[in-house]
Amino acid sequence: SKPTCFYRTGAVPEGMASMGDSQYMSSEDLAPHHRAEGNHAKTLYTDGSANKAGSTKYAGWAVYGPEGQCTVSGPLEGKAQIASRAGVRAILAAMRVYAGRLIIYSDNKYVVDTVRNAMAGHFSAEGEHRDLWQIILRDIHRVEQIHWVKAHMTKEDAVVRGVEERHRLG
């Protein structure tokens, strides 16, 4: 008559519904500043994600540089632990780890569209995530291109969509 598993009964004792705030949720965003120098446009892949534990979300971001020198990742700082903010934060990290021109690939359509608007001069950092966008706008001229790549594609899907394998993996 007693439940043996909370998962199966849907009953969760008080205090087990969510995890507490992480140390990053109450700290300032400190993006990496170890900028690699270079004169050529560097291709970087960015991603942000969020995971839910109970009623609490935790988010993180990453930048992948195929050559290795610009690969960084970290937790998303602050209370807004959502995937869209983590995606914006990944763009900021890409701009901070490489001092030259950038070619960016992202699976976040919101981020790609917003960067394209900023590159065309049609964006003001007044909306969502404005603190990050204001920093990004200062160096938006260094973004040479930004491309959207569908997330979690199979190799076959990539072929059908005309996406090179290196960009699918990136």
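Has the stretch 31-41 got any residue that is at pLDDT below 90, open to solvent by less than 50 Å² (accessible area, probe 1.4 Å) and among the polar types (S, T, N, Q)?
no
Does the stretch 54-72 contain any residue that is modelled with pLDDT of 70 or more, surrounded by fewer than 17 Cβ atoms within 10 Å (Cβ to Cβ) and hydrophobic (A, V, I, L, M, F, W, C)? Before you say what the answer is, go through the steps one by one.
Filtering the stretch 54-72 down to residues modelled with pLDDT of 70 or more leaves 54-72.
Right, trim to surrounded by fewer than 17 Cβ atoms within 10 Å (Cβ to Cβ) and you get 54-56, 66-69, 71.
From what is left, the residues that are hydrophobic (A, V, I, L, M, F, W, C) are none.
No, there is no match, as no residue in the stretch 54-72 is modelled with pLDDT of 70 or more, surrounded by fewer than 17 Cβ atoms within 10 Å (Cβ to Cβ) and hydrophobic (A, V, I, L, M, F, W, C).
Inspect the stretch 126-140 for any residue being closer than 20 Å to G38 by Cβ, free of Cβ contacts under 8 Å to residues at least 60 places away in the same chain, basic (K, R) and surrounded by fewer than 18 Cβ atoms within 10 Å (Cβ to Cβ) and give the result as yes or no. Step through it out loud before you land on a result.
Filtering the stretch 126-140 for residues closer than 20 Å to G38 by Cβ gives 136, 138-140.
So of that shortlist, the ones also free of Cβ contacts under 8 Å to residues at least 60 places away in the same chain come out as 136, 138-140.
Restricting the remaining residues to those that are basic (K, R) gives 138.
Then keep just the ones that are surrounded by fewer than 18 Cβ atoms within 10 Å (Cβ to Cβ); that gives 138.
Yes, some residue in the stretch 126-140 is closer than 20 Å to G38 by Cβ, free of Cβ contacts under 8 Å to residues at least 60 places away in the same chain, basic (K, R) and surrounded by fewer than 18 Cβ atoms within 10 Å (Cβ to Cβ).
Out of all the residues in the stretch 147-170, which are open to solvent by less than 70 Å² (accessible area, probe 1.4 Å), out of contact with any Asp or Glu (no Cβ under 9 Å at 6 or more places or on another chain) and β-branched (V, I, T)?
T154 - this is the single residue of the stretch 147-170 that is open to solvent by less than 70 Å² (accessible area, probe 1.4 Å), out of contact with any Asp or Glu (no Cβ under 9 Å at 6 or more places or on another chain) and β-branched (V, I, T).
Quick test for you: out of R89, R138, R161, pick the one residue that is at pLDDT 90 or above, of a type in the set (K, R) and closer than 23 Å to P66 by Cβ. Show your work before the answer.
Values: R138 fails: closer than 23 Å to P66 by Cβ; R161 fails: at pLDDT 90 or above.
From the options R89, R138, R161, the qualifying one is R89.
Looking only at residues that are within 16 Å of L137 (Cβ to Cβ) and aliphatic (A, V, I, L, M) in the stretch 91-100, which one is farthest from the chain's Cα centre (by Cα)?
Only one residue tops the list, namely M95.
Consider A90 against the criteria (1) touching a Ser or Thr at 6+ places or on another chain (Cβ under 7 Å); (2) in contact (Cβ under 8 Å) with a residue 40 or more places away in the chain; (3) assigned to a loop (DSSP other than H, G, I, E, B): it satisfies all of them except one. Which criterion is unmet?
(3)
Can you tell me which residues in the stretch 130-149 are under 16 Å from the mean Cα position of the chain (by Cα), of a type outside the set (V, I, T) and closer than 27 Å to E164 by Cβ?
H147, W148
Taking E28 as meeting all but one of (1) on the phi < 0 side of the Ramachandran plot; (2) over 18 Å from the mean Cα position of the chain (by Cα); (3) part of a loop (DSSP other than H, G, I, E, B); (4) at pLDDT below 85, write down the number of the exception.
Single failed check for E28: (2).
Would you mind finding the one in Y105, Y98 that is of a type in the set (F, W, Y) and open to solvent by 10 Å² or more (accessible area, probe 1.4 Å)?
The conditions single out Y105.
Please find, among N39, N108, N51, the residue that is in contact (Cβ under 8 Å) with a residue 12 or more places away in the chain and within 24 Å of R168 (Cα to Cα).
N108
The values are calculated or read from the model by the stated rules, or taken from the named source; none is laboratory data. What you see is a predicted model; the values in this text were computed from it and never measured. Heads up, the Cβs are rebuilt from the backbone with ideal geometry, glycines too, and the neighbour counts pull from every protein chain shown. Surface areas here come from the heavy atoms of the whole protein model, side chains and all, with no ligands, DNA or RNA. Shrake-Rupley method; radii C 1.70, N 1.55, O 1.52, S 1.80 Å.
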